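The structure under discussion appears below in the form of structure tokens.
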Amino acid sequence: MIGRAAAVPLPETLRTQLAPPHARVSETAADYLRQSSTALISRRNPPPLHPFAAALDCYLAEVADVRRLRLTRDLPVEAVERFFALGFALEQLRENFTDLARAVNEYAPPPEAMAGAGGRALSGEAGTASPSRTRASQ
């Protein structure tokens, strides 16, 4: 969805205001995905979501300014659709990252399993933590 909304650049009037916060959202999203990958591989807790959330909040504040200033009023309908679709897609990405954090957290072994393994992640041994086992079920 983000790819479709961002496939064609936004008009210059919007790009000037939105490009810097959008770039920050992109950077923090990529960082979050890389760090989540590392956490999954090493069976550690998820990375903090705050840097991405803060960047997205700054982007959405700029979107609110664009709306308040009515900068979309004279734009072609397709450009306005992409503008709103991009904001919607980025909000959905926040929800997806929250779900990813939950999944990464569920895959990490519980602290007591780590203590029993001398700090090493447990994998596949009898009586050890299972990737599908959630902390809430303990």
Pairs only if they're at least six apart or on different chains, beta carbon under 9 angstrom, first in region 30-57 and on the phi > 0 side of the Ramachandran plot, second surrounded by 14 or more Cβ atoms within 10 Å (Cβ to Cβ) and hydroxyl-bearing (Ser, Thr, Tyr); list them, first residue then second. 43/107
Picking from 40, 60, the residue that is part of a helix (DSSP H, G or I), closer than 27 Å to residue 102 by Cβ, touching a helix residue (DSSP H, G or I) at 6+ places or on another chain (Cβ under 9 Å) and at pLDDT below 95 would be 40
In this structure, does residue 42 turn out to be out of contact with any Pro (no Cβ under 9 Å at 6 or more places or on another chain), over 20 Å from residue 9 (Cα atoms) and not basic (Lys, Arg)? yes
Kindly indicate whether residue 80 is farther than 30 Å from residue 107 by Cβ, out of contact with any helix residue (DSSP H, G or I) (no Cβ under 9 Å at 6 or more places or on another chain) and surrounded by 14 or more Cβ atoms within 10 Å (Cβ to Cβ). yes
Only one of these conditions is not met by residue 21: (1) closer than 17 Å to residue 95 by Cα; (2) touching a Cys at 6+ places or on another chain (Cβ under 9 Å); (3) of a type outside the set (Phe, Trp, Tyr). Which number is it? (1)
Can you tell me which of (1) modelled with pLDDT under 95; (2) surrounded by 15 or more Cβ atoms within 10 Å (Cβ to Cβ) is the one residue 97 doesn't meet? (1)
Does residue 72 satisfy the condition of being touching a residue at least 40 places away in the same chain (Cβ under 8 Å), over 22 Å from the mean Cα position of the chain (by Cα) and not in a helix (DSSP H, G or I)? yes
Check region 42-62 and report whether any residue there is surrounded by fewer than 16 Cβ atoms within 10 Å (Cβ to Cβ), over 15 Å from the mean Cα position of the chain (by Cα) and among the acidic types (Asp, Glu). no
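The values are calculated or read from the model by the stated rules, or taken from the named source; none is laboratory data. As the structure is a computational prediction, the values presented were derived from the model and not from experiment. No Cβ is skipped: glycine too gets one built from the backbone with ideal geometry, and neighbour counts run over all protein chains shown.
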